[in-house]
Amino acid sequence: MKDYCTLLLILSLVVIGFTGCDNLTGVIGESYKTPMDDPEAFTLAFVQEAIDLYKTDGIEATVAHYGNPENIQGQWYVFITDENNIHVAHASAPQFVGTNITEVEGIDRLTVGAEIATATEEGHWTEYLWPNPETNKLEQKRTWSIRYDGYLFASGYYEPWTPDPASLLTATKDNPEAYARSLVLSAIAYYESEGIAATAAYYNDPARVDGQWYVFITGENDIFVSHPVRQDFTEKPTDLKDIVGSDGYQLGIEIAKATGTGHWVDYLWPNPESGNEEQKRTWAIRHDGYLFGTGYYQPISTDSQ
């Protein structure tokens with residue numbers, strides 16, 4: 001009997017060590033019975049496992065488990081929102097916790113979060129561009145989201161993204177925010193096709209400056225590899241984080257905070273088209289360790305307050 005109890009204890013510790021969930025009564029790990037080489041089936045099982053955990057252990061334990069980055073399984077992670085669409089767990093992007101999923105902008109289109117949130121108890125799939133935490137690259141993601149007891153449970157899998165760079169310039173300059181995104185995505189696609197050396201040479205060419213528009217690129221250590229307007233940034237190794245605006249604003253540090261989902265930074269910078277310092281709005285995003293950015297200008301208002 002003593003040997004039998006010892007064996008049970010050892011088996012329990014093995015299970016606890018495998019799942020990392022010693023306080024959970026729900027079954028974690030059942031999704032591994034579904035082969036990962038069938039990503040659609042595995043995603044469905046992975047999300048169902050989260051729902052089953054909620055049924056047995058409640059929302060607090062479920063949020064604690066799926067909010068822990070240690071429980072990201074390769075490219076798979078579960079994110080959860082409450083009945084008001086507020087994120088309560090997102091191990092891959094914890095900055096989303098407390099925010100409304102319907103306000104999360106996509107990279108290739110702005111309505112991705114709202115599309116995911118339309119899921120009912122029947123569930124649905126949403127396809128969009130998103131960074132893969134396993135590769136640190138933008139890839140095509142296919143997410144399964146489903147409602148249970150008011151909560152939204154979702155996860156997805158990634159597929160290679162190999163577009164023609166020219167096919168991404170679908171936005172027009174009349175919509176500068178959309179055009180900035182498409183210009184950067186086109187540069188990333190060029191990188192995926194041609195590699196960093198050819199991409200840096202292409203976008204560092206002054207011929208790539210189109211009025212106020214140009215793309216700049218930094219390497220993994222935030223050192224510029226391309227800047228067609230300020231080629232001194234590449235001739236002498238320059239760290240993006242060291243760039244400060246004429247007003248003292250540490251714009252380089254702010255731009256360098258970009259992640260795989262991208263972000264906007266506003267600052268003063270010379271407009272190559274007008275020659276004047278103007279308010280610039282830059283969109284920057286990380287991909288495969290590199291930072292790609294571009295922006296547009298808005299004349300500084302001289303109206304009295």
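Computed from the Cβ-Cβ distance with R0 of 25 Å, the FRET efficiency linking Trp264 to Ala41 stands at 0.05.
Sorted by accessible area with a 1.4 angstrom probe, largest first, how do Lys173, Lys137, Lys236 fall? Present the calculation step by step, with values, prior to reporting the outcome.
On the way: Lys173 95, Lys137 55, Lys236 150 Å².
The residues order as Lys236, Lys173, Lys137, largest area first.
Note on Lys280: aspartates and glutamates with a C-alpha under 12 Å away, same-chain residues under 8 apart excluded, are Glu177, Asp266.
What separates the Cα centres of region 54-73 and region 184-247 is a distance of 41 Å. Cα-Cα over 19 Å: which of Lys173/Lys257; Lys137/Lys257; Lys236/Lys257? Pairs exceeding the cut-off: Lys173/Lys257; Lys236/Lys257.
Does anything in region 261-275 have its amide N under 12 Å from the 7 Å Cα→Cβ label point of Asp210, and if so which residues? In region 261-275, the label zone of Asp210 (backbone N under 12 Å from the point 7 Å along Cα→Cβ) covers no residue. Using a probe radius of 1.4 angstrom, the carbon and sulfur fraction of the accessible surface of the chain is 51%. Taking a Cβ cut-off of under 12 Å around Tyr190, the surrounding Lys, Arg, Asp and Glu residues balance to a net charge of -2, with basic ones at +1 and acidic ones at -1.
Below 11 angstrom from the Cβ of Gly150, what's the summed charge of the other residues (Lys, Arg +1; Asp, Glu -1)?
-3
Applying 1/(1 + (r/R0)^6) with R0 = 22 Å to the Cβ-Cβ distance of Arg109 and Asp149 gives a FRET efficiency near 0.15.
Taken per residue, the accessible surface of region 109-243 reaches 46 Å², heavy atoms only and a 1.4 Å probe. Note on Asp239/Lys173: beta-carbon distance plugged into 1/(1 + (r/R0)^6) with R0 of 35 Å gives a FRET efficiency of 0.70. Rounded to the nearest 10 degrees, the angle from helix 39-66 to the longest Cα principal axis of the chain is 70 degrees.
Extending 7 Å from the Cα toward the beta-carbon at both Ala201 and Gln250 defines two label points whose distance is 3.7 nm.
The values are calculated or read from the model by the stated rules, or taken from the named source; none is laboratory data. Since the model is a prediction, treat every value here as computed from it, not as a measurement. Here the Cβ is made from the backbone with ideal geometry for all residues, glycine too, and neighbour counts use every protein chain on show. These accessible areas exclude ligands, DNA and RNA; they are computed on the full protein's heavy atoms, side chains included. Shrake-Rupley method; radii C 1.70, N 1.55, O 1.52, S 1.80 Å.
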